[in-house]
1. Using a 1.4 Å probe on the protein heavy atoms only, what accessible surface does A:Thr34 show? Give it in Å² to the nearest 10.
2. For peptide B:24-31, what's the mean number of Cβ atoms from other chains within 10 Å of each residue's Cβ?
3. Which whole number gives the average count of other chain Cβ atoms within 10 Å of the Cβ atoms across peptide B:10-21?
4. Check which residues have an amide H placed less than 5 Å from B:Ile60's amide H, if you skip close sequence neighbours.
5. Work out the length of the dipole vector of the protein assembly as shown about its Cα centre, built from +1 on the beta-carbon of each Lys and Arg and -1 on the beta-carbon of each Asp and Glu, and round it to the nearest 20 debye.
6. Angle check, please: helix A:44-56 long axis (alpha carbons) against the longest principal axis of chain A (alpha carbons), in degrees 0 to 90, nearest 10.
7. Between the DSSP loop rule and a limit of at most 12 other Cβ atoms within 10 Å, which trypsin sites (Lys or Arg not before Pro) in segment B:7-104 are left?
8. Against the longest principal axis of chain A, how steep is helix A:89-119, in degrees 0 to 90 to the nearest 10, with axes from Cα atoms?
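The values are calculated or read from the model by the stated rules, or taken from the named source; none is laboratory data. None of these values were measured; they are calculated from a predicted model. Here the Cβ positions follow ideal geometry from the backbone for every residue, glycine too, while neighbour counts run over all protein chains shown. Just so you know, the surface numbers come from the protein's heavy atoms only, side chains and all, with ligands and any DNA or RNA stripped out. Shrake-Rupley method; radii C 1.70, N 1.55, O 1.52, S 1.80 Å.
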There are 2 protein chains.
Amino acid sequence: MVEYDHLSNTFAALADPTRLAILARLTSGEASVTELAKPFNVSLPAVSKHLKVLERAGLIARGREAQWRPCRLDAGPLKDVADWIEHYRRFWEDSFDRLDAYLTALKTKEKRHGRKRRKK
Amino acid sequence: MVEYDHLSNTFAALADPTRLAILARLTSGEASVTELAKPFNVSLPAVSKHLKVLERAGLIARGREAQWRPCRLDAGPLKDVADWIEHYRRFWEDSFDRLDAYLTALKTKEKRHGRKRRKK
């Protein structure tokens, strides 16, 4: 299972709505911890904890300036996720195709049923 | 952060190497708990626990047969992950471009350095 260790670490870092929101915020540019904490209504220590998790997973990098250590997105590990998920594409496409076919069949059935009713 | 609740639940279910290996196994067809436990060298109760996590996240579905409840992949939630990750594509592509540029610059520098050395 060693092949999945790195990937599952990335997923663990992504398994939190605040961390996902932080990553979304960083897509519009780097930000300090204070800036990141503001919109999320979360305490500074709580945000710092989340940032540590993201940094350990290699999803963000932090500046070296002692006072203002800006965080910036590092999307490298997300490329591995995107590569992994491609193996599953045909499965969700299949299941949506099946759902489509089912709904079409249902509609046809309902139409027929409606016609019969009107005839009565 | 409600918008990320569903997504972070999916990531939590994916945050384990055994569960990722189970999903990979299910891409080649449905399987019973016993069949799933065999290659992973994991106890039946441990596999059952993993399957419950995957089922709760909607990543697998299980048959109704009392004796043999086959598991099959349900890749629907992975489509949401794939849609989400697309917002980050330009970031990892940018960072690989930067790495490329850096390595090219490094090579050019080394070549020049090598030439200078030979001249001496």
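1. 80 Å²
2. Numbers: counts 5, 0, 2, 4, 0, 0, 0, 0.
Mean partner-chain Cβ count within 10 Å for B:24-31: 1.
3. 6
4. Counting only residues 5 or more places away or on other chains, the set is B:Glu55, B:Asp74.
5. Working: 48 positive and 32 negative charges, 153 e Å.
Here the protein assembly as shown has a charge dipole of around 740 debye.
6. The answer is roughly 80 degrees.
7. Values: sites: B:Arg19, B:Arg25, B:Lys49, B:Lys52, B:Arg56, B:Arg62, B:Arg64, B:Arg72, B:Lys79, B:Arg89, B:Arg90, B:Arg98; in loops: B:Arg64.
Loop-located and lightly packed - B:Arg64.
8. Approximately 30 degrees, to the nearest ten.
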